[in-house]
Amino acid sequence: MSKIPITRPWLGEQEAEAARCAILSGWVAQGPRVADFEQLFAQRVGAKWAVAVSSCTTGLHLALVAAGIGQGEGGRDQEVIVPSLSFIATANSVVHAGATPVFADVTEQSQNLSVDSVAAAITSATRAVIVAHQVGEPADLDALGELCKQHGLLLIEDAACAIGSTYRARPIGGHGNPCIFSFHPRKILTTGEGGMVVCDDEQFACRLRRLRNHAMSVSASERAAGRAARVTYDEVGFNFRMTDIQAAVGIVQLDKLDVMLGRRREQARRYNDALSRLDLPLQLPPSPSFGETNYQSYTLKLAPALAASRDAIVAQLQSKGVGAIGGIVASHLELAYGRRTHSSLPHTVNWASSALMLPIYHEMTDTQQDRVAAELGDVLKRTVSGASSRSTSSA
Ligand SMILES: *Cc1c(COP(=O)(O)O)cnc(C)c1O
């Protein structure tokens, strides 16, 4: 039987043609297509400025550097509060900037940060909070924004997964905080690799533009136009640029975004309907009252009775050709962060061990979805009855 992957980007002739045009134009590094993509992107998410970068990870890193967050005076560490339950890059970006990530917990109901846990993690060394809109589900920005304001902290949004999601009827990216998107193929809109930092502060945007290009005093286009007599470098910058080939693909993808979002939400409803009919101990993806998710991933949370068998459930689904995977990692338990088993992040640990992601992608058919739901139903029913017969025989 054919295998159903966890995801698959929706790319076609239009993207191929756009890439071809960029290549044949002779300008393949950051250039006019990147500038166009930035403008269209800012418009789409309702931000004043957009700065394209090589990935979401480098975008997060760059935003921290541009905000002056890193090593404090006298080498004192500056702290940035991040969710442990996130792709590892969220925490890594803080380390790249020279600051220290401090892990906060998520809530029982959602994979997004708990405001109480963030409040408890604030110290005199805290400079910023990075909130992730996990799997595209919007986080409660007002509550976190209020907390950050009280403590004079910068709120940065990791919107790697959240293109097209909304919070209080505005797209993610349009709430005034530095907000960073990913265009990796695992997300909804892809340029192969790539990222975008959006913000409303012109000075901040200028600093991002300069820093991504070696902190060079002039842009490549000014240079090419012969308008740069002398180039200066006032600080140490980076090469975090996006190519014009990627931007050309991004422009086409942006045009398809609303169609992609519509299809995702339709697919999520189909899964919700099929899985709620199964009457099994699992939690469907939350749909918060304050916003709309884009269903970048479709994540289920297994009840404790099933969670112990999560990895076995994933293995059985994979053996049936269903590319299900476990959920997001608890970064604080990875060796890179010293396996801090002493840390008390109960909801993070719980989500990391009981979440299950099902395949979802634009070209996935209704028939494929029904097959995934049916296989999942079979596997879970067998797991539930296996667990209860074990407990009966041991009684
Ligand atoms: C994918 C992802 C990233 C990293 O994105 P890249 O573009 O691959 O660097 C960061 N944060 C979260 C929450 C992600 O899901």
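The values are calculated or read from the model by the stated rules, or taken from the named source; none is laboratory data. Predicted model only: the values in this text are computed from it and were never measured. Here the Cβ is made from the backbone with ideal geometry for all residues, glycine too, and neighbour counts use every protein chain on show. Quick note on the areas: whole protein, heavy atoms, side chains included, nothing else; ligands and nucleic acids left out. Shrake-Rupley method; radii C 1.70, N 1.55, O 1.52, S 1.80 Å.
Set Lys and Arg Cβ to +1 and Asp and Glu Cβ to -1, take the dipole of region 204-332 about its Cα centre, and tell me which of I251, L261, A229 lies farthest positive. The one lying farthest along the dipole's positive direction is A229. Helix 202-212 and the long axis of the chain differ in direction by around 90°, with both axes built from C-alpha atoms. Between helix 13-25 and the chain there is an angle of about 20 degrees, using the helix long axis and the longest principal axis of the Cα atoms. Once the C-beta distance of H214 and A125 is scaled by a Förster radius of 22 Å, the resulting FRET efficiency is 0.15 to the nearest 0.05. For the chain, what is the percent of antiparallel DSSP beta bridges, rounded to the nearest 5? Taking every DSSP beta bridge within the chain, about 60 percent pair in antiparallel fashion. Of the residues S182, S388, the one with the largest accessible area comes first in the ranking S388, S182, computed with a 1.4 Å probe on protein heavy atoms. Rounded to the nearest whole Hz, the Karplus-based 3J(HN,Hα) values (6.51 cos²θ - 1.76 cosθ + 1.60, θ = phi - 60°) of region 48-61 follow the sequence 6, 10, 9, 10, 6, 9, 6, 6, 5, 4, 5, x, 5, 4, with x at glycine and proline. Quick one: which residues, 5+ away or cross-chain, put their amide H under 5 Å from the amide H of T100? H built at 1.01 Å from N. Correct list: Q78, E79, V80.
Summing Cβ point charges (Lys, Arg +1; Asp, Glu -1) relative to the Cα centre of region 1-129 gives a dipole of roughly 280 debye. Result for the chain in a Gaussian network model with C-alpha springs under 10 Å: among M357, M242, M216, the largest mean-square fluctuation is at M216.
Within region 1-133, DSSP assigns beta bridges of which about 20% are antiparallel (rounded to the nearest 5). Note on the chain: helix-only mean residue ellipticity at 222 nm, from DSSP H runs of 4+ residues weighted -39500 (n - 2.57) and normalised by residue number, equals -13500 deg cm²/dmol. For the pair V259 and I88, label points projected 7 Å from Cα toward Cβ lie 3.7 nm apart.
The stretch between A225 and E13 holds 73.0 nm of extra length on full extension. This uses 0.36 nm per residue minus the Cα-Cα distance. Take every Cα pair under 8 Å whose residues are at least 6 apart in sequence, average their separation, divide by the length of the chain, and the relative contact order is 22 percent. Here the chain is treated with +1 on each Lys and Arg Cβ and -1 on each Asp and Glu Cβ, and its dipole about the Cα centre works out to around 580 debye. In a simple Cβ point-charge model (Lys, Arg +1; Asp, Glu -1; nothing else charged), region 90-161 has a dipole of about 360 debye relative to its Cα centre.
Legend: calculated FRET efficiency, A169 to T232, from the Cβ-Cβ distance at R0 = 45 Å, rounded to 0.05, equals 0.50. The simple Förster model, with R0 at 35 Å and r as the Cβ-Cβ distance, assigns A305 and E363 a FRET efficiency of 0.50. The ellipsoid that matches the Cα gyration tensor of the chain has semi-axes, each √(5λ) in whole angstrom, of 38, 27, 17, with the longest given first.
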